[in-house]
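Inspection log for the structure reproduced underneath, given as structure tokens.
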Amino acid sequence: MNKNETYWKTNLKYLVILLTIWFTVSYGFGILLVDTLNQFTLGGFKLGFWFAQQGSIYVFVLLIFVYIYLMNRLDEKFKSKN
Amino acid sequence: MELQYWIWIAVGISFTLYIAIAIITRASSTGEFYVAGKGVHPIANGMATAADWMSAASFISMAGIISFNGYDGSVYLMGWTGGYVLLALLLAPYLRKFGKFTVPDFIGDRYYSNIARGVAVFCALIISFTYIAGQMRGVGVVFSRYLEVDITTGVLIGMLIVLFYAVLGGMKGITYTQVAQYCVLIFAFMLPAIFISLMVTGNVIPQIGFGSTGSDGVYLLDKLDGLHRELGFHEYTSGKKTTLDVFFITAALMVGTAGLPHVIVRFFTVKKVSDARKSAGWALLFIAILYTTAPAVAVFSRTNLIETVSNKAYHALPDWFEKWEATGLISFDDKNQDGLIQYVADPEVNELKVDADIMVLANPEIANLPNWVIAIMAAGALAAALSTAAGLLLVISSSVSHDLIKKMIKPDVSEKGELIAARLSAVGAVMLAAYFGINPPGFVAATVALAFGLAAASFFPAIVLGIFSKRMNKEGAIAGMVVGILLMLFYMTKFKFGWFGGGTEKDWWFGISPEGFGSFAMMVNFAVSIIISKFTPAPDREIQELIEKIRNPNDE
């Protein structure tokens, strides 16, 4: 496998992992499982409601910054191989 | 000092600032006009994207809509933020690497076809016009409310300002005015929110405040759920919409966000690929500040409203009630003549009508904040409306001057000629938008939300497949875009304007509302593209190499 292919495969692996989390916190916790999670509370918040109106957004921000970090590291690694 | 003076001062200072920035940063080449010379710092671009993105609707209406819909309002919160994850991970870096000026540029080159380019221009224009007509209207409403002029004058003032800095400054001017506008609007939104949170819960941070207890020791959300049950409203923390519809609406808003040309083009303005990722991160962070505060404001003002008015004597209400009654945003009709306000879910008994917008607009007065805070709110609302209008205008003008004139009609046009065409089309677009702002077709408000569906149904699949599939060819992409956007147009005109026989909620396909249908049309677009591409020839070697190049950020 050549250098570019490895780079692309690693990128795709990151995408799958991060988008799975993206889907889970919003569509999963905030929508599909909202009633189940609402049985638990976080301070004054029902947990499902909190994910829908707060938690998912925090995770979204975090996901992008994690991706920035991972890709910068990957870019560096492949630059030094040149 | 009088409120009106404060407002003129705040608006005057902020406008002078925007115009000064536009003069300093005016564009002198097509590269600067379309993509700010590709030299914008990622944090500045993040702020500009946030301002571009958050319109008068985000600033004024969203908290109010959540306030009245409770959990169902989550579709906007998740939908309008989650799209940035898709942008950062699936689109922005690759489009920046591609390195041209517009979305139709990418579609046209990647699918080696001027038909594809033409379809993309058509989609970009439809999406941007439905969006901008609503914005100009918003500009007019905000001007008329705060500066006490009529809506037409308001639209005209707004039009002149936008025209001045969009035409003169192009993308470069717009970018730096948007940075200033972001600062104004976020300050204006947060200040009253923090004060109210402090007042209601004793917590400075609204995001935590709305999950805490009020002065009576009861959790605010539990209290609100209780009030809602008592008055016959739907419980605040659970929804009324079906799970499937919530799912589809959220998806349509997310994917639509990632497919909106005026958002995508902002990522063409940074220096390198890694900066495109970074600015998507900063943009979402800046947006999240407002978007996580809005649900808190919604809860505070909802509780406040119910406690202030429910079963209270009309003559004993605080001053702000009377003041906003004069604007028509809140109205009281004493049906049973008992002098008390019955605010309940049952329309037969209910005596109070409240417009969603009042939840944010009246906040400073409900919290007894000084007049200068209200003036800053006015400047913030105007900043939100103007920045979005300017960003959309630029997409429209570059679609015409670059994609249509330069790439399709007259390829030998000189750079100077193209720049003149870009400015002229900006002027034309402003006038058309202003016309719709003054004479809004009845469907404007309804279609703004649908612009997302249109973007989801047309651009998103074509761009994603263009990057992630080497096999996708022009036949597949064109067929997908055409079927996607037509299907969405059909569904929205059928159920929103009653064309093609119309229909009611019962006739919705699979129970999906027109707002959520964009997700369905997007899936159809993907399916059509993939199936058609299987039966038609693969793209040439050259295109495969282009894709390789887009995927590799190091190979400059």
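May I ask you to list the lysines whose Cα is less than 23 Å away from that of B:Lys353, ignoring any residue fewer than eight positions away on the same chain?
Cα-Cα hits under 23 Å: B:Lys223, B:Lys240, B:Lys241, B:Lys312, B:Lys323, B:Lys335.
How many angstrom lie between the Cα centre of segment B:415-436 and the Cα centre of segment A:1-57?
42
Starting from the Kirkwood Rh over alpha-carbon pairs, what translational D in µm² s⁻¹ does segment B:1-143 have by Stokes-Einstein at 20 °C and 1.002 mPa s?
Rounded to a whole number, D works out at 115 µm²/s.
Divide by every residue of chain A the summed helix terms, -39500 (n - 2.57) for each DSSP H run of at least 4, and state the resulting mean residue ellipticity at 222 nm, rounded to the nearest 500 deg cm²/dmol.
For chain A, the value works out to -21500 deg cm²/dmol.
How big is the protein assembly as shown along each principal axis, measuring the range of its Cα positions in Å and listing the largest first?
80, 56, 52
For B:Arg277, B:Arg423, what's the fewest-to-most ordering of other Cβ within 10 Å of each Cβ?
By the 10 Å Cβ count, ascending: B:Arg423, B:Arg277.
With a/c under 1.5 counting as rounded, go ahead and sort segment A:3-81 into rounded, prolate or oblate using the C-alpha gyration tensor (a ≥ b ≥ c being the square roots of the eigenvalues; past the cut-off, prolate if a/b is larger than b/c, else oblate).
prolate
Could you work out how far the C-alpha centroid of segment B:71-105 sits from that of segment B:212-269, in angstrom?
So the separation of the two Cα centres works out to 20 Å.
Using every pair of alpha-carbon atoms in chain B, split the distances into 10 Å bins beginning at 0 and state the percent of pairs per bin, rounded to integers.
Per 10 Å bin, starting at zero, the Cα-Cα P(r) for chain B comes out as 4, 18, 28, 26, 16, 7, 2, 0, 0 percent.
If each residue's Cβ is checked for other Cβ atoms within 10 Å, how do B:Thr388, A:Thr20 rank with the fewest at the top?
Lowest count first: A:Thr20, B:Thr388.
Going down the list B:Lys407/B:Lys474; B:Lys474/B:Lys496; B:Lys172/B:Lys470; A:Lys13/A:Lys79; B:Lys97/B:Lys470, which pairs span over 25 Å between their C-alpha atoms?
B:Lys474/B:Lys496; B:Lys172/B:Lys470
Would you list, by chain and number, the aspartates and glutamates whose Cα falls below 14 Å from the Cα of A:Lys9, excluding same-chain residues fewer than 8 positions away?
Straight-line reach from A:Lys9, under 14 Å: A:Asp75, B:Glu548.
FYI, it's all coordinate maths here, none of it is from the lab. Quick caveat, the model's predicted, so the values are computed rather than measured. FYI the Cβ positions are ideal-geometry reconstructions off the backbone, even for glycines, and counts take in every protein chain you see.
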